[in-house]
Protein chains: 2
Amino acid sequence: MQRSIDQAVDGLITKALKTWNMVEPGDRILVAASGGKDSSIMAMDLAQKQSQGRLHAELAAMHIRSDFADSMSDRLLAEYESWGLKLKSLDVAVEGRLKDGRKMNCYWCSMQRRTELIRYAMDNGYNCLALGHHLDDVLETLFMNMMDKGVLSTMPPVMKYIKYPVKIIRPLYLVEERQIIQLAGLLGLDAISCSCNYNDNSARDKTRERIELLTKGSGKAKRAILKSLSNINFEYLP
Amino acid sequence: MQRSIDQAVDGLITKALKTWNMVEPGDRILVAASGGKDSSIMAMDLAQKQSQGRLHAELAAMHIRSDFADSMSDRLLAEYESWGLKLKSLDVAVEGRLKDGRKMNCYWCSMQRRTELIRYAMDNGYNCLALGHHLDDVLETLFMNMMDKGVLSTMPPVMKYIKYPVKIIRPLYLVEERQIIQLAGLLGLDAISCSCNYNDNSARDKTRERIELLTKGSGKAKRAILKSLSNINFEYLP
């Protein structure tokens, strides 16, 4: 049976692509496929959009195999193939790059992988790197920056590097994690998705819990917070 | 015994006055004295600054007596006198202005009183109205606007009206409510301060509780959130 991505999630990805003009004609997109549920849902939806003629761009996926996290299961690899998505893998000894006495953390690991993805993209003519950050990730970064650093900033939906001919896009920008979890369950992706066992992400997890308390988990409140970031009334700010 | 205002609170009021250039030479300030702890602490500090030659402006206070809330007690009136602050009163039938079927609420009542204060200020040559909103009030308004309206805005520290030759200033902008409660207790002002019995402020109270959960009550986190509002990194926003 041909499974189809949830309409609500598909619609939110369409809306994000349009709102921030993420994809332009001729773009060659490399999807960062971590093996986790977020990037799998993103990859599946972009592949579906492309096969239905709703996304006019070349598409491939790249999985960074590290020396400490589970690699993608054969079943998830088969899923990517069933979506018609070319999936390449690259071995990077992330843990091996750790300097003596340094502890692994999610931010550092993701930067190692990001660097390799950008390098691969440039070497192979991809000008667009799609990352699987969703609305809850965006709000976590926002509140960590506000409360810890006193800066109003977060992950942008589109970021063009000055140094590299590559842009980063985040097609899941408007999708709540709750929606992704639900959809991954429906599609049977939850059982075959993987993530690493470090999970040294306590500051982020704490912020996530606090945002749930602030918003009482309301998707409407979360979306309103996101909207306020591009709806700034400067006369009513200090 | 001459009592002195807490140094930390006094310092934060000095910092706010300077940061936003709230008072300019020749200003005539009317302090809005509700009878509550916030405006009493503000009035006391501004009077003390003036008597010590640290605030160069004319100062008077105005209390709006309404038809439904307790008026200032004689003991609080005596306090104002002991601070060397002229206190005037005006009777306004706030409840009597309610249209049939309308329920009293804090926002509407405060707008009625604000209008009368501005009218009195203009009729009597005051160009500056000092309101007792503190840091927690500012953050409550911020989060209500973000989560309910999708707008990034709050009460500004200084607001110049276009229609009237009057500006509003908020000298307690950097002071936490916790600090005011503690100081009012130390000074014995808590027992003689009053507020109305309506307190139909459930949306604001709910937001206040949620901000406490978000920040775990940390003054540092609250100040960082405030700071972020004037430290906006536009390249990292949607």
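The values are calculated or read from the model by the stated rules, or taken from the named source; none is laboratory data. All of these numbers come straight from a predicted model, not from anything done at the bench. Backbone-built Cβ (ideal geometry, glycine too); neighbour counts: all protein chains shown.
Conditions (1) under 30 Å from A:Asp205 (Cβ atoms); (2) surrounded by 15 or more Cβ atoms within 10 Å (Cβ to Cβ), marked per residue:
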| position | (1), (2) |
| --- | --- |
| B:Val151 | yes, yes |
| B:Gln182 | no, yes |
| B:Leu186 | no, no |
| B:Ser195 | no, no |
| B:Lys222 | yes, yes |
| B:Ile232 | yes, yes |
| B:Glu235 | yes, no |
Could you say which residue among B:Arg178, B:Arg210 is surrounded by fewer than 18 Cβ atoms within 10 Å (Cβ to Cβ), basic (Lys, Arg) and not in a loop (DSSP other than H, G, I, E, B)? B:Arg178
Out of all the residues in the range B:49-57, is one or more in contact (Cβ under 8 Å) with a residue 60 or more places away in the chain, under 23 Å from B:Asp10 (Cα atoms) and surrounded by 18 or more Cβ atoms within 10 Å (Cβ to Cβ)? yes
Within the range A:108-129, is there a residue that is touching a Phe, Trp or Tyr at 6+ places or on another chain (Cβ under 6 Å) and free of Cβ contacts under 8 Å to residues at least 40 places away in the same chain? no
Assess whether A:Leu129 counts as being under 14 Å from the mean Cα position of the chain (by Cα), over 23 Å from B:Thr207 (Cα atoms) and either surrounded by fewer than 20 Cβ atoms within 10 Å (Cβ to Cβ) or among the aliphatic types (A, V, I, L, M) (or both). yes
All positions within the range A:97-143 that are of a type in the set (S, T, N, Q) and out of contact with any Pro (no Cβ under 7 Å at 6 or more places or on another chain): A:Asn105, A:Ser110, A:Gln112, A:Thr115, A:Asn124, A:Thr141
Only one residue in A:Leu85, A:Leu55 is of a type in the set (A, V, I, L, M), touching a Lys or Arg at 6+ places or on another chain (Cβ under 6 Å) and assigned to a loop (DSSP other than H, G, I, E, B). Which one? A:Leu55
Within the range B:215-238, the count of residues that are under 19 Å from B:Met155 (Cβ atoms) and within 7 Å of chain A (Cβ to nearest Cβ) comes to 10
Of all the residues that make up the range B:1-38, how many are over 18 Å from B:Tyr126 (Cα atoms) and outside any loop (DSSP other than H, G, I, E, B)? 14
Subset tally (residues that are modelled with pLDDT of 95 or more and touching a helix residue (DSSP H, G or I) at 6+ places or on another chain (Cβ under 9 Å)) for the range A:109-132: 7
Residues within the range A:119-152 that are within 14 Å of chain B (Cβ to nearest Cβ) and outside any loop (DSSP other than H, G, I, E, B), tallied: 15
If we keep just the residues of the range B:88-118 that are hydrophobic (A, V, I, L, M, F, W, C) and part of a loop (DSSP other than H, G, I, E, B), which is surrounded by the most Cβ atoms within 10 Å (Cβ to Cβ)? B:Val94
Test: A:Glu209 is among the charged types (D, E, K, R), closer than 25 Å to A:Ala130 by Cα and more than 7 Å from every other protein chain (Cβ to nearest Cβ): no
Is it true that some residue in the range A:39-49 is part of a strand (DSSP E or B), among the hydrophobic types (A, V, I, L, M, F, W, C) and touching a Gly at 6+ places or on another chain (Cβ under 9 Å)? no
Single unsatisfied condition, A:Arg204 versus (1) assigned to a loop (DSSP other than H, G, I, E, B); (2) more than 13 Å from chain B (Cβ to nearest Cβ); (3) modelled with pLDDT of 85 or more: (1)
If you take the residues in the range A:153-173 that are within 11 Å of chain B (Cβ to nearest Cβ) and more than 18 Å from A:Ala32 (Cα to Cα), which one is surrounded by the fewest Cβ atoms within 10 Å (Cβ to Cβ)? A:Ile162
Restricting to the range B:6-34, and then to whatever is farther than 27 Å from B:Cys196 by Cα and of a type in the set (Ser, Thr, Tyr), can you tell me which residue is surrounded by the most Cβ atoms within 10 Å (Cβ to Cβ)? B:Thr14
What about B:Leu77, is it free of Cβ contacts under 8 Å to residues at least 24 places away in the same chain, surrounded by 15 or more Cβ atoms within 10 Å (Cβ to Cβ) and out of contact with any Asp or Glu (no Cβ under 6 Å at 6 or more places or on another chain)? yes
Failed item in (1) in contact with a Ser or Thr (Cβ under 6 Å, 6 or more places away or on another chain); (2) under 16 Å from B:Asp38 (Cα atoms); (3) within 14 Å of another protein chain (Cβ to nearest Cβ); (4) assigned to a loop (DSSP other than H, G, I, E, B), with B:Ile192 passing the rest: (3)
